[in-house]
1. I'm trying to understand the selection: among the residues of the stretch 53-85, which are within 19 Å of ALA108 (Cβ to Cβ) and of a type in the set (D, E, K, R)?
2. Looking at MET124 and the list (1) surrounded by fewer than 18 Cβ atoms within 10 Å (Cβ to Cβ); (2) out of contact with any helix residue (DSSP H, G or I) (no Cβ under 9 Å at 6 or more places or on another chain), which single condition is not satisfied?
3. Would you point out which residue out of ALA68, ALA100, ALA92 is within 27 Å of the chain's Cα centre (by Cα), closer than 30 Å to ASP52 by Cα and modelled with pLDDT under 60?
4. Can you name the residue in the stretch 127-165 that is surrounded by 10 or more Cβ atoms within 10 Å (Cβ to Cβ), of a type in the set (A, V, I, L, M) and over 49 Å from the mean Cα position of the chain (by Cα) and is also modelled with the lowest pLDDT among such residues?
5. Kindly provide the set of residues from the stretch 10-38 that are at pLDDT below 70 and not aliphatic (A, V, I, L, M), ordered by number.
Amino acid sequence: MPDRKVAAAARRRASSPTIAPTACSIGGEKSLRLRIKALIAHLDTPLESGGDTQVRYLQFADAEKIAAKLKEQISATVAITTRRSAGVAARAASGVAASADRSTTIWAEPETNALVITAPAKVMRSLMGVVDKLDIRRMQVLVEAIIVDINVNKNAELGVNWAVWSDDATHASRWARFSSRSAA
């Protein structure tokens, strides 16, 4: 009987909380303490992306067009996974894919050209990879043009004016004008 009371007391002490909400005292066998410590370390690890919803601001691509393409991508992935399912394990995998489809929402915010994506971590990584590849600077060509407007009425006055002069007072200066009117 005393062994049962000791074992029960040890179990109660194995995870008795302290006053601080983020602290926990662990007692018991060393192997049990190490397993609990590893479990706590695993559970206390922050998510890679800080949650299952991300806002992604696009620099070059149009958010509304990209949102539509990403929705098509998710639907196609679920359709392919469902088509491949043959056995029990494959049906379970297609169920996971279908639940990923239901738990994934994608919408565009046109004013900020941003995508708001809610998805499980694996799907989120896949979608962010697609967005990274689509949100690139487009090839551009610089076109410069000079527009010249010529009035038809002024064409008749185009020509060359020639002037000849001399510093010598004995020679007379000659002036000549060659234009399209005088040539006609």
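The values are calculated or read from the model by the stated rules, or taken from the named source; none is laboratory data. Nothing here was measured: the structure is a model prediction, and the numbers come from that model. Using ideal geometry, Cβ is built from the backbone for each residue, glycine included, and neighbour counts are taken over all protein chains shown.
1. Passing the criteria: ARG56, ASP62, GLU64, LYS65, LYS69, LYS71, GLU72.
2. Of (1) surrounded by fewer than 18 Cβ atoms within 10 Å (Cβ to Cβ); (2) out of contact with any helix residue (DSSP H, G or I) (no Cβ under 9 Å at 6 or more places or on another chain), only one is false for MET124: (1).
3. On the way: ALA68 fails: modelled with pLDDT under 60; ALA92 fails: within 27 Å of the chain's Cα centre (by Cα).
Exactly one of ALA68, ALA100, ALA92 is within 27 Å of the chain's Cα centre (by Cα), closer than 30 Å to ASP52 by Cα and modelled with pLDDT under 60, namely ALA100.
4. ALA156
5. ARG11, ARG12, ARG13, SER15, SER16, PRO17, THR18, PRO21, THR22, listed by residue number.
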